[in-house]
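The values are calculated or read from the model by the stated rules, or taken from the named source; none is laboratory data. Since we're looking at a predicted model, the values are computed, not measured. No Cβ is skipped: glycine too gets one built from the backbone with ideal geometry, and neighbour counts run over all protein chains shown. The protein model used for the area step is the full one, side chains on, heavy atoms only, and it has no ligands, DNA or RNA in it. Shrake-Rupley method; radii C 1.70, N 1.55, O 1.52, S 1.80 Å.
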Amino acid sequence: MKIIRLSTDRLRVPLGKPSRVSLTDPKPAAPDAVELVLVHLETDAGVSGLGFTYLLGAGAAALRSLIDTELVPVVLNEDPRDTDRLFARAEARFRAAGFGGLAARAYSAIDTALWDAKAKAANVPLAKLLGNAKPGAAFVVSDAATVGRDSAEALKALKPHLKHGAMGVRIEIGGGDVQADAERVREIQGGLGENGWVAVTAECRFDLGTALALTHFFEDVGVDVFEDPIPTADAPGYEKLARIAEVPIAVGATFDTREAFFQVIRAGTVRTVRPDVCRLGGVTPLLKVAAVAEAYHVAVSPVRMTEVGVHLACGLASVPHVDCVSWFRDVFTGGPGFDGGKMVPHAVPGLGLTLNEESAAKYRV
């Protein structure tokens, strides 16, 4: 089986509410849309693959150009099932410039399409190909309590998901007012009740002193995990947090390399890592992170990408739950569903996704 054609598409999908606020911009403005770059892969055996990557902000045109001009030659006329070999070729192609950044994001769309085709060729859902560890996974709502949404709006957005059995919510903080952040966490936690699971994610926005103060507050209100509180380069800071904080610390949402994960996993300072399929370059490198994490009894919680994350969570024992993000619910048909309070992958082979052509025409750039 050989890849005979690979084409790209670019969509600009509107976001209903602000998703984040830049702390370096004197007049912060949250993006009003997510840039989605799609890869359509065809083979001489009639097996196809659909992959995608996304950006919140600039770079989508450059990313698509990287795929079309630099990365298509890496996989064209190759067997899509050779995911490890093709990933190594992609990394080697960008060795001089560095693979992290846009190149990794660009290849992640191809890699996801390869895994979609690989599972289709095996005639099984991707979750089964990855190991079929469990039929359904717990899920956390990760697009309801973003920066820019107050606690009342967040709780309202959470309600439909809670009816489906969501285990809790991921609250993004770092809007510039630490006291307001703390109060917002307290209000959302109170609105969920005693059984609600809460993660707070800061995306490396705080210094060590502020992060330490927040961990003490989070202990009092019952936060379950504090994610990426300080800059990733501050290894001594994370070691101190791990020693002092009773709230478990998670890191990795901004890591661009597998080696960064290997280092913190082996250091033993965190109990959860947060790899991003897009940042790392796809499913292939994430599986390597997950294998090392499992060896050290560290949980793996992939960032966003629900349509892929549900397969990782159901396929791998080390992934306890899925980030539930509804950005692309109008873009794809098929995909994850809900059953018995769990999120479940579509039963058809591959990712179970089909592009909604009507929506694609509306959002196409």
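Listing for the model above:
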| quantity | calculated |
| --- | --- |
| Answer from THR112, THR53 - the residue that is under 19 Å from LEU312 (Cβ atoms), buried (at least 23 other Cβ atoms within 10 Å of the Cβ) and in contact with a Lys or Arg (Cβ under 7 Å, 6 or more places away or on another chain) | THR53 |
| Sole residue being surrounded by 16 or more Cβ atoms within 10 Å (Cβ to Cβ), touching an Asp or Glu at 6+ places or on another chain (Cβ under 8 Å) and closer than 20 Å to VAL298 by Cα, chosen from PHE261, PHE255 | PHE255 |
| Test: residue in segment 176-187 that is within 21 Å of ASP228 (Cβ to Cβ), touching a residue at least 60 places away in the same chain (Cβ under 8 Å) and surrounded by fewer than 18 Cβ atoms within 10 Å (Cβ to Cβ) | yes |
| Which numbered condition ALA361 misses (of (1) over 17 Å from ARG304 (Cα atoms); (2) touching a residue at least 40 places away in the same chain (Cβ under 8 Å); (3) of a type in the set (A, V, I, L, M)) | (2) |
| Residue that is farthest from LEU15 (Cα to Cα) [pool: residues in segment 113-147 that are touching a helix residue (DSSP H, G or I) at 6+ places or on another chain (Cβ under 6 Å) and part of a helix (DSSP H, G or I)] | ALA122 |
| Helices (runs of 4 or more DSSP H) (entirely within segment 55-107) containing at least 2 residues that are within 19 Å of the chain's Cα centre (by Cα) and not aromatic (Phe, Trp, Tyr) | 60-66 |
| Residue in segment 295-314 that is surrounded by 17 or more Cβ atoms within 10 Å (Cβ to Cβ), of a type in the set (Gly, Ala, Ser), over 12 Å from the mean Cα position of the chain (by Cα) and farther than 18 Å from MET167 by Cα present | no |
| ILE244 vs. criteria surrounded by 21 or more Cβ atoms within 10 Å (Cβ to Cβ) and among the aliphatic types (A, V, I, L, M) | no |
| Selection from segment 298-346 of residues that are of a type in the set (Lys, Arg), touching a strand residue (DSSP E or B) at 6+ places or on another chain (Cβ under 9 Å) and at pLDDT below 95 | ARG304 |
| Cross-chain or 6+ apart pairs with Cβ under 6 Å, segment 124-151 first and free of Cβ contacts under 8 Å to residues at least 60 places away in the same chain, then surrounded by fewer than 18 Cβ atoms within 10 Å (Cβ to Cβ) and among the aliphatic types (A, V, I, L, M) | none |
| Subset of segment 264-277 (residues that are open to solvent by 40 Å² or more (accessible area, probe 1.4 Å) and charged (D, E, K, R)) | ARG266, ARG271 |
| Segment 321-365, subset open to solvent by 60 Å² or more (accessible area, probe 1.4 Å) and in contact with a helix residue (DSSP H, G or I) (Cβ under 7 Å, 6 or more places away or on another chain), residue farthest from GLY49 (Cα to Cα) | PHE338 |
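A quick yes/no check of all residues on (1) at pLDDT 95 or above; (2) hydrophobic (A, V, I, L, M, F, W, C); (3) open to solvent by 60 Å² or more (accessible area, probe 1.4 Å):
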site	(1), (2), (3)
LEU6	yes, yes, no
SER22	no, no, no
LEU38	yes, yes, no
THR43	yes, no, no
VAL74	yes, yes, no
PRO80	yes, no, no
GLY101	no, no, no
